[in-house]
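Read through the structure below, which is laid out as structure tokens, and then see the notes.
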2 protein chains.
Amino acid sequence: MDRIVIAHGGGGELTDLLIREMIRPRFTLSDLDDSAVLPAVNGRLALTTDSYVVSPLTFPGGDIGRLAVCGTVNDLAVCGAEPRWLTFSLVLEEGLSLAVLERMLDSARDAAAEAGVTIVAGDTKVVPRGQADGMYVNTSGVGVFRREPLPGASAIRAGDVVLLSGFVADHGLAVMLSRTDQPRLRSELKSDVAPLSGLIEDLLAAAPEVLFLRDPTRGGVAGVTADLAVECGLGLVLSEEAIPVRPETQWAADLLGLDPLTVANEGKVLAVVHEADAERALAAMRDHPLGNRAAQIGRFTDRDPGLCVLKTKAGGSRMVAKPYGEELPRIC
Amino acid sequence: MDRIVIAHGGGGELTDLLIREMIRPRFTLSDLDDSAVLPAVNGRLALTTDSYVVSPLTFPGGDIGRLAVCGTVNDLAVCGAEPRWLTFSLVLEEGLSLAVLERMLDSARDAAAEAGVTIVAGDTKVVPRGQADGMYVNTSGVGVFRREPLPGASAIRAGDVVLLSGFVADHGLAVMLSRTDQPRLRSELKSDVAPLSGLIEDLLAAAPEVLFLRDPTRGGVAGVTADLAVECGLGLVLSEEAIPVRPETQWAADLLGLDPLTVANEGKVLAVVHEADAERALAAMRDHPLGNRAAQIGRFTDRDPGLCVLKTKAGGSRMVAKPYGEELPRIC
């Protein structure tokens, strides 16, 4: 048997076989079938969930297994919690190749090791052909606060600055380009999908006064910054010059008619700090392999409350708006 | 707009609108977009996850919203934890009616209230038409242990007995019958989907020596009892006479050629206790509305280690095996 069949999802012998031979050897699952019992914790907890429906399942720089672990790890890390335990739940389409499933599980295992988290519980369902697109994955995660939760958008004041840990838009554009069957549109562009827990740990150790962190995924940097201006009731001025964009990413964005600021990232963090802390925070990010192109990209002002404006390289300025929907679906 | 469109899943304005108008009013979501911060806990935690792909979305006695909350609550409760916080993650198919989505969210909200849990985090993805079947839901849950985790199968000895909280197979057969378009095959049969946290709390208060609990979902009572015999290395003799089956459920099972013991339940708990505790445990279950038909259905023996045998009403006996796959897919 080299493909998923309906009976793999029936909760019977074949489900057991799938779990015993493919899933359990990779993850640290509880012996209990129903729930994992976690070690005692000391402190408040963070809890998050994300479903992943990315198409295709594999793209330059990653796949749905790596994405599902990193995305949930990053959601925990940006609220200031230490990511610790993940669940991993599969909806598999009848006919999915077991070899593909194994590669995705390998990626999830490796990403969990890289992020320092343990996958402790899971679930497997199978739907008939045509009722999913290969596989969908849900990961949920629990993190432990070893410090107070971050102050958040309401603590931001005029003069505070926005830092970004590196190049924008690599994930979304790598996935989009991977869907084309025209070889001339392929490029060297790779998704940035990575667990940010280490980078954020280093950042918070060096600059514990960080006010706000967010990973700019769906909606991109524009989504986060437009929201931030509204939430804190201040103006936010971004500098196009300062925002790191790879040439190949800009090329791909131009080709597809997309603004890199609105495209999803999966390995970047946006931080808001007091200006006095900016150099220290940037230095900490740049010392980490995932942050070596960190830059200060904007500043909050008392003018234009609630608006985010981009100062363009050409010397003009334009509004930065949260995208209405999404230019292309199923990026994550 | 009365249907889900791709842009609802883009992480932009339209996603915000969906969350603001339909999801947030029903659930207690964190103000943080990424993670919920939970209150401090004192004790060990249980963590579980399940994805729900039931077809149809609505069936007699319940729907995917109620099922997704109850199933995860029950997974926490059967390991002896108090269910507390849930996540709720949606994969929606383009074209899904917003009215249907609202009904499912209402059901989830009501089931959470019934179970005494809080839905604190969520996620929404949209896939194009034909790449899901209406909607899939993942719920993950965190519970708190206020007592030691249950001893489990390894603590079971010959002479210990198996209790079941009520009628078997109602969920699976109600869902199966709801798929038929032949009115004469419809019946009064309803799914038993319900949160078991209250019943289990009462049971453990009255009989804290309970060795093992499990909710017999996919694979049914047969799946749990066949596994139990193997895990504890004892024989297990079930009495067909003692197993509560509604006449209409037996009728539906006969019609479809199914053994009720292999059909999924979503509101029943199977308990193993020392014989001396059986009456007290049964009385506690029967005092709860969800357990008023609780019965002792079997006993462990030193004979036939690893085998589960059913003594039939006719006076014969047959092996109880874990189903290989599933007679019909997408029951939960």
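Cα gyration tensor of region B:10-98, axes a ≥ b ≥ c as square roots of the eigenvalues: rounded (a/c below 1.5), prolate (a/b > b/c) or oblate?
On the way: a/c = 2.53, a/b = 1.22, b/c = 2.09.
Cα axes put region B:10-98 in the oblate bin.
Could you give, in nm with one decimal, how far residue B:154 is from each other copy of that position, shortest first, with labels 7 Å out from Cα toward Cβ?
Spacings between copies for this position, smallest first, are 4.8 nm.
Quick one: Cα convex hull volume of the protein assembly as shown, Å³ per residue?
143 Å³
Under 25 °C and 0.890 mPa s, how fast does region A:1-159 diffuse according to Stokes-Einstein, given a Kirkwood radius computed over C-alpha pairs? Answer in µm²/s, whole number.
Result for D is 148 µm²/s.
When the dipole is taken about the Cα centre of region B:156-272, and only Lys, Arg (+1) and Asp, Glu (-1) are charged at their Cβ, what size is it in debye, to the nearest 20?
Charge dipole of region B:156-272: 280 debye, to the nearest 20.
What size of dipole, in debye to the nearest 20, comes out for the protein assembly as shown about its Cα centre when the only charges are +1 on Lys and Arg C-beta atoms and -1 on Asp and Glu C-beta atoms? Could the numbers behind the result be given before it?
Values: 64 positive and 90 negative charges, 47 e Å.
About 220 debye.
How much FRET efficiency would the formula 1/(1 + (r/R0)^6) give for residue B:251 and residue A:279, where r is the Cβ-Cβ distance and R0 is 60 Å, rounded to 0.05?
Values: r = 76 Å, r/R0 = 1.27.
The computed FRET efficiency comes out at 0.20.
May I ask you to report, in nm to one decimal and beginning with the shortest, the distances from residue B:311 to the same position in the other copies, taking label points 7 Å along Cα-to-Cβ?
8.7
How big is region A:107-251 by Rg and Dmax over its Cα atoms, in Å?
So, for region A:107-251, Rg and Dmax equal 18.8, 55 Å respectively.
What do you get for the angle between helix B:98-115 and the principal long axis of chain B? Use alpha-carbon atoms, 0 to 90 degrees, nearest ten.
That works out to roughly 50 degrees.
Return the whole-Å distance between the Cα centroid of region A:183-230 and the Cα centroid of region B:243-301.
52 Å
Set Lys and Arg Cβ to +1 and Asp and Glu Cβ to -1, take the dipole of the protein assembly as shown about its Cα centre, and tell me which of B:255, A:264, B:87 lies farthest positive.
The residue sitting most towards the positive pole is B:255.
Based on a Kirkwood Rh over C-alpha pairs, give the Stokes-Einstein translational diffusion coefficient of chain A at 10 °C and viscosity 1.306 mPa s in µm²/s.
Numbers: Rh = 20.7 Å.
Answer from the Stokes-Einstein relation: 77 µm²/s.
Please average, across the residues of A:120-133, the number of beta carbons from any other chain that are within 10 Å of each residue's own beta carbon, and give a whole number.
For this peptide, the per-residue mean of nearby foreign Cβ atoms is 6.
For residue A:230, place a label point 7 Å out from Cα along the Cα→Cβ vector, do the same in each other copy, and report the separations in nm, one decimal, smallest first.
When each copy's label point is compared with this one, the spacings are 5.3 nm.
Distance in nm between label sites at residue A:24 and residue B:106, each 7 Å beyond Cα in the beta-carbon direction?
4.4 nm
Which of the GluC sites (Glu not before Pro) found in region A:152-217 are loop residues per DSSP with 15 or fewer other Cβ atoms within 10 Å of their Cβ?
Here the GluC sites (Glu not before Pro) that fit, given the DSSP loop and packing criteria, are A:188, A:209.
Express the accessible area of the protein assembly as shown per residue in Å², computed with a 1.4 Å probe while the remaining protein chains stay in the model.
In whole numbers, the protein assembly as shown has 36 Å² accessible per residue.
Give the angle, between 0 and 90 degrees and rounded to the nearest 10, that separates the Cα long axis of helix A:247-256 from the longest principal axis of the Cα atoms of chain A.
That helix lies at roughly 80 degrees to the long axis.
Can you find, among A:46, B:208, A:207, the residue farthest towards the positive end of the dipole of the protein assembly as shown? Put +1 on the C-beta of Lys and Arg, -1 on that of Asp and Glu.
A:46
Can you tell me, using C-alpha contacts under 8 Å and at least 6 residues apart, the relative contact order of region A:52-205 as a whole percent?
38 percent.
In degrees from 0 to 90, rounded to the nearest 10, what is the angle of the helix A:220-232 Cα long axis to the longest principal axis of chain A?
So the helix axis and the longest Cα principal axis differ by about 60 degrees.
Nothing charged except the Cβ atoms of Lys and Arg (+1) and of Asp and Glu (-1): what's the magnitude of the dipole of region B:213-310 about its Cα centre? Round to the nearest 20 debye.
180 debye
Quick check on the protein assembly as shown: of the DSSP beta bridges with both residues there, what percent are antiparallel, nearest 5%?
If I count the DSSP bridges inside the protein assembly as shown, around 75 percent turn out antiparallel.
Residue A:286 to residue B:2: FRET efficiency via 1/(1 + (r/R0)^6), r the Cβ-Cβ distance, R0 45 Å, to the nearest 0.05?
Between residue A:286 and residue B:2 the formula returns 0.35.
Treating cross-link reach as a plain straight distance, find the lysines whose alpha-carbon is under 21 Å from the alpha-carbon of residue B:313, omitting any fewer than eight places away in the same chain.
Excluding near neighbours in sequence, the set is B:322.
Quick one: pull the percent of accessible area on region B:118-241 belonging to carbon and sulfur, 1.4 Å probe, ligands and nucleic acids left out.
Accessible surface attributable to carbon and sulfur in region B:118-241 totals 47 percent.
The values are calculated or read from the model by the stated rules, or taken from the named source; none is laboratory data. Computed from a predicted model, the values in this text were never measured in an experiment. Neighbour counts run over all protein chains shown; Cβ positions are idealised from the backbone, glycine included. Accessible surface is based on the protein model in full, side chains and every heavy atom, while ligands, DNA and RNA are left aside. Shrake-Rupley method; radii C 1.70, N 1.55, O 1.52, S 1.80 Å.
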